[in-house]
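**Q** Got a structure for you, questions after.
The values are calculated or read from the model by the stated rules, or taken from the named source; none is laboratory data. Source: prediction; values computed, not measured. Note: ideal-geometry Cβ built from the backbone for every residue, glycine included; neighbour counts use all protein chains shown.
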Amino acid sequence: MRALLLFFAAALALFGMELESSYNVTYGIFGKVAKARAVLERNETDYNISVKVYSTGIAKVLSNNRREYYFSRGKVVDGFLRPEVFKRVKESTKRKDVKEYHFDHAKRQIIVKSEKNKYGKFHTKSQEVLPYYTKDDILSLYFNLKKLLKPKQTRYTFYAVGGSEQNGKIDLILPQGKELKELKEDLKVSGLYLKVILYQKIFASKKGELYLVVDEDGVTKKGLLKDVIFFGDIVGTLTKKRIYE
């Protein structure tokens, strides 16, 4: 479920606004397997982003009521979101795993605090310095994309906590030609089509390839993970969008 994070990220960091979006996730013959809600709150100097994903139906039973929460909190610097803390929580009826990343931009380092609790079995805590530094986490990067994309450029490499475990690498590609045509036929929605490579193994995908369609406000309308082993595509669809200015 962690890999589906970008399906649900609400984007467009406008000055002084709050944005909320909700999604349904379907998976082949299983139908609806998850729901998600993303919220951005931002003013002139500070921001908060939260994404909550939880399993439903048969997936809820098979995953022991799996839930995931992602939080990014930080400052607005020259129009960019710069995280101070990024937190990821994975929880079920049997265990809870928490990772909290603290950014020290002056020292160019990130400290990660980990806590694992398998109920009735063990409880551990640890702290270490991440082997790489980046200005972004995966949520702040998404919100910053509008300022980073350039006319006529179709391939980008970014680095953010939540990308590759080794260095945070994320590749972003604007599909062209036949690939774009096929995606439009599959997803049947208008918007900016993006291909995101997280360099993580997601089900049958070796690199972790996600496809997103972003609307004129920068909000993800639809997300796709193609040809997942055995059961076909995983699709995330926007069900609600509200912007408060």
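**Q** Can you report the number of residues in region 109-124 which are modelled with pLDDT under 90 and among the basic types (Lys, Arg)?
**A** Residues that pass the stated criteria total 2.
**Q** What number of residues in region 69-112 are hydroxyl-bearing (Ser, Thr, Tyr) and within 18 Å of the chain's Cα centre (by Cα)?
**A** The total comes to 4.
**Q** If you don't mind, another one. Can you tell me which residues in region 109-161 are surrounded by 13 or more Cβ atoms within 10 Å (Cβ to Cβ), outside any strand (DSSP E or B) and of a type in the set (D, E, K, R)?
**A** Those that are surrounded by 13 or more Cβ atoms within 10 Å (Cβ to Cβ), outside any strand (DSSP E or B) and of a type in the set (D, E, K, R): LYS135, LYS146.
**Q** Output the number of the condition that ALA106 fails; it satisfies all remaining conditions of (1) in a loop (DSSP other than H, G, I, E, B); (2) modelled with pLDDT under 95.
**A** Evaluating ALA106 over (1) in a loop (DSSP other than H, G, I, E, B); (2) modelled with pLDDT under 95 leaves (2) as the failure.
**Q** Taking VAL76 and the conditions (1) surrounded by 15 or more Cβ atoms within 10 Å (Cβ to Cβ); (2) over 21 Å from ARG42 (Cα atoms); (3) modelled with pLDDT of 90 or more, which numbered condition does it fall short on, given that it satisfies the others?
**A** (2)
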